[in-house]
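Laboratory data are not the source of any read-out in this text; all were calculated from the coordinates shown. These numbers were taken from a predicted model, which means no experiment stands behind them. Ideal geometry is used to build each Cβ from the backbone, glycine not excepted, and the neighbour counts take in all protein chains shown.
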Amino acid sequence: MSEQEKKPAAVSTAAPATDEVRKAEEDLKKAKAELDTRLEEMEKEFDRRREQLEKEYEEKKAVMLRDMEAARVMAEDEFEELRSQAAAHKKEIICGVSIAAAVALLTALLCGHGRHSRR
């Protein structure tokens, strides 16, 4: 065979290899595009989930702060009620002690006066 006959044969065997390379490159581009698309979708899902979690956190934080404020107000109200009750009990005790002291004084005066009048 001459050299000219060999060249077309070499070209014809090179063409299928080039087609395979092109097909492989196209498959690679498709795979890369699919991966890029999946990555974008995952990033969007991640952002959506992050925003959802941030919103849930803020809602729970607001509820917790509201509950804490309500508990503080209730504690202050209870403290004021206890303070009021303590003041009332203090007045009752002072009144009771004053009455007891007055009774003791009157008893002492009456008993002392009665002794002086019998002599």
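Worth a mention:
- Cβ-derived FRET efficiency at R0 25 Å, Lys90 paired with Cys111, nearest 0.05: 0.20
- A quarter of the convex hull surface defined by the alpha-carbon atoms of segment 20-112 gives 8.5 nm² as the mean projection.
- Estimated at 0.36 nm per residue, the fully extended path between Leu35 and Arg66 surpasses their Cα-Cα distance by 6.6 nm.
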